[in-house]
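Colleague: Got a structure for you, questions after.
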Amino acid sequence: MTSLGKGIGIGYLIFVALGLIIAVAVLYSTKAGRRNKGVSDHVEKAERAEPWWGLFVVVLLGVLLGLTIWRAPWFQDSGPGQTVKVTGMQFGWLVQPAQVKANQPVQFNVSSKDVNHAMGLFDPEGRLIMNVQAVPNYTTTRTQTFTEPGLYTIRCFEFCGYQHAKMIYPGFKVTA
Ligand SMILES: [Cu+2]
């Protein structure tokens, strides 16, 4: 083990020990104490209401979770199922299909038929928005949601031979 690894290990142990000490201290401090004599009525009433407030919080959090979990990105990724297969080859791109819908996630499965290429994806204003290696015998997956309809361009971003500069695919269409 390197000295850095040892240091990190010891630091981690110290953190765990500190955490345990704090947890015990909190547990001890919140232990129910002996009831004071002459505690006022409204305090007792409030104490009786405590479980209901606890239930209220649990129900509220449950409702909020139920309302918002559907927006979590892992559901979006598997959503409407727009999948585009992009294959690079000397010297061009195969894009299937060449048209997708905006505002719905698109999964790109990027690969190559021969040598290493890279898929540089440009939006209609010419800004680079994605750059993925296209590797032979391997599929790289990227998910992208387009917000702007228009014609997008793919350019090769990995020098792959004498016509590398001609590997331009200008017609990837995003519809509204
Ligand atoms: Cu190329």
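Colleague: For Asn116, are the conditions met, namely being among the polar types (S, T, N, Q) and within 16 Å of the ligand (Cβ to nearest atom)?
Modeller: It is true that Asn116 is among the polar types (S, T, N, Q) and within 16 Å of the ligand (Cβ to nearest atom).
Colleague: Of all residues in region 138-166, count the ones that are within 16 Å of the ligand (Cβ to nearest atom) and out of contact with any His (no Cβ under 7 Å at 6 or more places or on another chain).
Modeller: Residues that pass the stated criteria total 13.
Colleague: Which condition breaks for Val63 when tested against (1) aliphatic (A, V, I, L, M); (2) surrounded by fewer than 10 Cβ atoms within 10 Å (Cβ to Cβ); (3) modelled with pLDDT of 95 or more?
Modeller: Just one mismatch for Val63, condition (2).
The values are calculated or read from the model by the stated rules, or taken from the named source; none is laboratory data. Values in this document were obtained by computation on a predicted structure and should not be read as measured data. Here the Cβ is made from the backbone with ideal geometry for all residues, glycine too, and neighbour counts use every protein chain on show.
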